[in-house]
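The values are calculated or read from the model by the stated rules, or taken from the named source; none is laboratory data. Not measured: the values here are computed from a predicted model. With ideal geometry, Cβ positions are generated from the backbone for all residues, glycine too; neighbour counts draw on all protein chains shown.
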Amino acid sequence: VDPVPPTIDDRQRTYVVSGSASGIGRATVDYLEAAGGRVIGVDLHDADVCADLSTATGRTQAVEDVRGLVRDGVIDGVVSCAGASAAASSRLILAVNFFGATALLDGLRNSMNPAGNAGAVAVASASTHHPVDHRLVRQCLQAGEDAVLGGTAVSGAEAYVASKVALVRWVRANAPSEAWAGRGLSLNAVSPALVQTPMMEQGMASEENRERLLARYPMVLHGIAEPGAVASLIGYLVGGENSHVTGQNIYVDGGSEAVVRGDVRW
Ligand SMILES: NC(=O)c1ccc[n+]([C@@H]2O[C@H](COP(=O)([O-])OP(=O)(O)OC[C@H]3O[C@@H](n4cnc5c(N)ncnc54)[C@H](O)[C@@H]3O)[C@@H](O)[C@H]2O)c1
């Protein structure tokens, strides 16, 4: 057994973060930059690459524009954080949270550095351990986007959970593959519960919703999180120190998953 951890080289690392203009994405940019990295932000507005990840053309443009900005041609980390909330239309939610996220991760994979512990993270949600429409999840994973978006008549809340469960399943299925692990690239999901961002404030706008969310996510450790709590975990996963964590969905949820699911399932 070699007790020496892999060497992290001192070349500046380059990262791509979607959803960089706000909330968890913004905090992740700050974290990675503070650690000395160079970050290319992707968002609808206020970003290095302004692109709409809900459309096929927007995703293609995002991947091309990012590649154009990567000076030495190599990306060390990709973070898919852009997301539409449960208040959006089910069509938009599935388009951004599942199809947009997976297209960005897949599209940039070939530009990722096969050395230096490069990795990708998909921001999912602690809602993934709550009941889900498995049929819709399977459709996301198996049917084409047009078929799924054309035929769905579920609520925004149902689409949100299904989009995130499909995203985690996609991570689980792809992480061990030749394309990811075989090329030295980690691929993980992180699942926050309630994080103080514009998206969460929108979700808690009414007292009724606030009560419902606080009951659904019993965050017994430190309560509602600041975005930096998620950013630092993402930073570890993509930052060069992570040599062996892959294929995981890691909850950053103040213990709510442990409270809800108990000690039997994890
Ligand atoms: N805040 C929470 O409590 C919470 C909990 C669980 C999961 N999440 C997830 O974390 C991620 C970040 O959420 P946040 O709370 O920081 O929200 P936020 O609203 O503050 O930020 C989301 C960002 O995504 C961008 N975005 C949305 N649609 C886009 C599109 N079509 N193309 C490009 N960019 C787009 C927005 O412009 C925004 O800057 C999301 O995926 C969300 O589902 C958040």
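I'd like to verify a number: residues in the range 67-90 that are loosely packed, with under 14 Cβ neighbours inside 10 Å and acidic (Asp, Glu), how many?
Matching residues across the range 67-90 total 1.
So for the range 187-198 (the condition being over 27 Å from ASN242 (Cα atoms), under 14 Å from the mean Cα position of the chain (by Cα) and crowded, with 18+ Cβ neighbours inside 10 Å), does at least one residue qualify?
Within the range 187-198 (the criterion being over 27 Å from ASN242 (Cα atoms), under 14 Å from the mean Cα position of the chain (by Cα) and crowded, with 18+ Cβ neighbours inside 10 Å), the answer is no, since none of the residues qualifies.
Mind checking whether some residue in the range 128-144 is more than 19 Å from CYS81 (Cα to Cα), acidic (Asp, Glu) and either exposed (fewer than 14 other Cβ atoms within 10 Å of the Cβ) or in contact (Cβ under 8 Å) with a residue 60 or more places away in the chain (or both)?
No, the range 128-144 contains no residue that is more than 19 Å from CYS81 (Cα to Cα), acidic (Asp, Glu) and either exposed (fewer than 14 other Cβ atoms within 10 Å of the Cβ) or in contact (Cβ under 8 Å) with a residue 60 or more places away in the chain (or both).
Quick one: which helices (runs of 4 or more DSSP H) lie wholly within the range 171-246 and hold at least 3 residues that are of a type in the set (A, V, I, L, M, F, W, C) and touching a strand residue (DSSP E or B) at 6+ places or on another chain (Cβ under 7 Å)?
Fully inside the range 171-246 and qualifying: 227-238.
When the residues of the range 185-214 are filtered to those that are more than 12 Å from the ligand (Cβ to nearest atom), modelled with pLDDT of 95 or more and not polar (S, T, N, Q), which remaining residue is nearest to ARG26 (Cα to Cα)?
LEU187
I'd like to verify a number: residues in the range 218-230 that are surrounded by 16 or more Cβ atoms within 10 Å (Cβ to Cβ) and either near the ligand (Cβ under 10 Å from one of its atoms) or acidic (Asp, Glu) (or both), how many?
So the count comes out to 4.
Give VAL264, VAL238, VAL260, VAL252 a once-over and let me know the one that is modelled with pLDDT of 95 or more, over 19 Å from ALA84 (Cβ atoms) and away from the ligand (no atom under 11 Å from the Cβ).
Going through VAL264, VAL238, VAL260, VAL252 in turn, just one is modelled with pLDDT of 95 or more, over 19 Å from ALA84 (Cβ atoms) and away from the ligand (no atom under 11 Å from the Cβ): VAL238.
Evaluate the following for GLY83: is it within 21 Å of GLY182 (Cα to Cα) and not polar (S, T, N, Q)?
no
If you take the residues in the range 33-66 that are of a type in the set (Ser, Thr, Tyr) and surrounded by fewer than 20 Cβ atoms within 10 Å (Cβ to Cβ), which one is nearest to GLY119 (Cα to Cα)?
Ranking the candidates gives THR60 first.
Across the range 65-80, what is the number of residues that are over 19 Å from the mean Cα position of the chain (by Cα) and assigned to a loop (DSSP other than H, G, I, E, B)?
The total comes to 5.
Out of the residues in the range 83-127 meeting the condition of being under 13 Å from the mean Cα position of the chain (by Cα), of a type in the set (S, T, N, Q) and part of a helix (DSSP H, G or I), tell me which one is farthest from the ligand (Cβ to nearest atom).
Top of the filtered list is THR102.
Give the residue that is farthest from the ligand (Cβ to nearest atom), with candidates limited to residues of the range 149-159 that are in a helix (DSSP H, G or I) and over 12 Å from VAL137 (Cβ atoms).
By that ranking, first place goes to GLY151.
In the range 22-64, what residues are of a type in the set (A, V, I, L, M), in a strand (DSSP E or B) and near the ligand (Cβ under 8 Å from one of its atoms)?
The one that is of a type in the set (A, V, I, L, M), in a strand (DSSP E or B) and near the ligand (Cβ under 8 Å from one of its atoms): VAL42.
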